[in-house]
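These notes are about the structure you will find just below.
The values are calculated or read from the model by the stated rules, or taken from the named source; none is laboratory data. These numbers were taken from a predicted model, which means no experiment stands behind them. Glycine gets a Cβ as well: all are built from the backbone with ideal geometry, and neighbour counts include every protein chain shown. Only protein heavy atoms, including side chains, enter the accessible area calculation; ligands, DNA and RNA are left aside. Shrake-Rupley method; radii C 1.70, N 1.55, O 1.52, S 1.80 Å.
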Amino acid sequence: MENKKLKTLSLVSLMTSIIPAATLIPVFLKITLPEGVSTVWAGVSIASAVVGLILSIVCVRSEESRSPVNIASTIVSAFWCLLMIGMLALALFLTFLQ
């Protein structure tokens, strides 16, 4: 029972880790989103990256539930979180530079 819950949790963490990549769809299709939709989309991306990272860490923490799916989910979520932290740091740096 516990193994099935962790397997489901690992798939959920992988899916939430991939959601921020959906923000690239309008860019590739050259679609401009309205301001409110763009803000909500960015918020969902940030939240899903953080939730995906937390769920991935929970799954990878247990040695018997460590699998390639969990490791990939952790790497993808960590990448998105680091990318967002880097953008935030750059924005703060450029704000204080002016």
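Of the solvent-accessible surface of the chain, computed with a 1.4 Å probe over protein heavy atoms with every protein chain present, carbon and sulfur atoms account for 76 percent. For the pair LEU94 and LYS7 in one chain, pulling the backbone fully straight at 0.36 nm per residue adds 27.0 nm over the alpha carbon distance. From the P(r) of the stretch 17-98, can you give the percent of Cα pairs sitting at distances over 15 Å? Counting every Cα pair in the stretch 17-98, those more than 15 Å apart make up 65 percent. Computed over protein heavy atoms with a 1.4 Å probe, the accessible surface of the stretch 6-98 works out to 70 Å² per residue. Coupling constants for the stretch 8-18 follow from the phi torsions by the Karplus curve (6.51 cos²θ - 1.76 cosθ + 1.60, θ = phi - 60°), and in residue order they are 5, 5, 5, 5, 5, 5, 5, 5, 6, 6, 8 Hz; glycine and proline get x.
Computed from the C-beta positions of ARG61 and MET87, the FRET efficiency with R₀ = 35 Å rounds to 0.80. Computed from point charges on the beta carbon alone (+1 for Lys and Arg, -1 for Asp and Glu), the dipole magnitude for the chain about its Cα centre is near 180 Debye.
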